[in-house]
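Single-structure report; data block below.
Since every read-out is calculated from the coordinates, none of them should be taken as a lab result. None of the values given here were measured: they were computed from a predicted structure. When we count neighbours, we look across all protein chains shown, and the Cβ atoms used for this are built from the backbone with ideal geometry, even at glycine.
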Amino acid sequence: NQTIEASRKFFQLPEDVKQNYGHDIQKVYPKTSRGYVPLFGEALNQNAGQDPKELFDLGIDTKQPDDPLKTPFTGENIMPNDSVAPGFSSSHSQLQNEILTKVVPKLLKGLALALGLEENWFDKYFIDPTLIHRTVYYPPGFGKAGKHTDTGIFTVLIQEYFPTPSLRVYTKDKWIDVPCVEDTFVINLGDMLQYWTDGLFVSTPHEVIHNRPSDRVSIPIFVFPNIETIIQPLSTTKTISSKEVMLNNFLSIWETGEGSGRAKELV
């Protein structure tokens, strides 16, 4: 709740203040992986058009690499201090640490056991994981995120409670509402996990339609393995790299306008 409320207060700031943390000032490569994005600034599904939402992306805060092109998605977070957005930086940093240390290890262990592997099988790939840590603001009455899948291993979603759901997922040939349950996480599986497991786990098509008269803040944390990880599916020698998957997805969203993940399959 503290992080959600601090985020809400940031998004209520004047637009010119929020733009001080936009893509243009980011040091990380690609610049579109960190910072503030205004209303209608991103399209997750090309058929749905620009999404009526605002967002702020973070990563794991590290020393800026000498050559960002060689180490994408790595470097410093540029965040508002407490004089601009009280509690924003500290609450997100604390939340990220708790997700990394308490939630991600349990999910990786569960996935490994479900696949019949040793419980620590995934650990070596997540010694130095990559995160896209996002907070999203959906305005009252018309917030939306188009139909898409996420591209990582999984996404940990923190959302505030509403009696009427806004999140929908596609399963068994139909779209269904995902109920808001207090004090829980929603876990969406990603394309990278689908590829890694030969489709034993399938990435979760989802969308957000927020029609309530009040605004909505959610915090999806997209989890990827070490940036240099080479992924080989269980039954083939064909490999892909985590770096390649991430860069291609950001190209699809921000350059070619083809959306996120398997968005082109979702009409």
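Tabulated results
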| quantity | calculated |
| --- | --- |
| For the range 57-107, average projected area of the Cα convex hull in nm² | 4.5 |
| The range 142-193: trypsin sites (Lys or Arg not before Pro) falling in loop per DSSP and having at most 14 other Cβ within 10 Å | Lys172 |
| For the range 2-265: relative contact order, % (alpha-carbon pairs under 8 angstrom, 6 or more apart) | 21 |
| Mean Cβ count within 10 Å, highest first, over the residues of peptides 217-226, 179-188 | 217-226, 179-188 |
| Counting all C-alpha pairs of the range 39-169, share separated by more than 16 Å (%) | 74 |
| Computed helical MRE - 222 nm, the chain, DSSP H runs ≥ 4 contributing -39500 (n - 2.57), nearest 500 | -6000 deg cm²/dmol |
| Distance between the range 54-129 and the range 1-52 - C-alpha centres, whole angstrom | 18 |
| More than 33 Å apart - percent of Cα-Cα pairs taken over the range 2-265 | 15 |
| Two-site FRET efficiency, Trp175 against Asn97, from Cβ-Cβ distance with R₀ of 45 Å, rounded to 0.05 | 0.85 |
| Ranked His206, His23, criterion: other C-beta atoms within 10 Å, fewest first | His23, His206 |
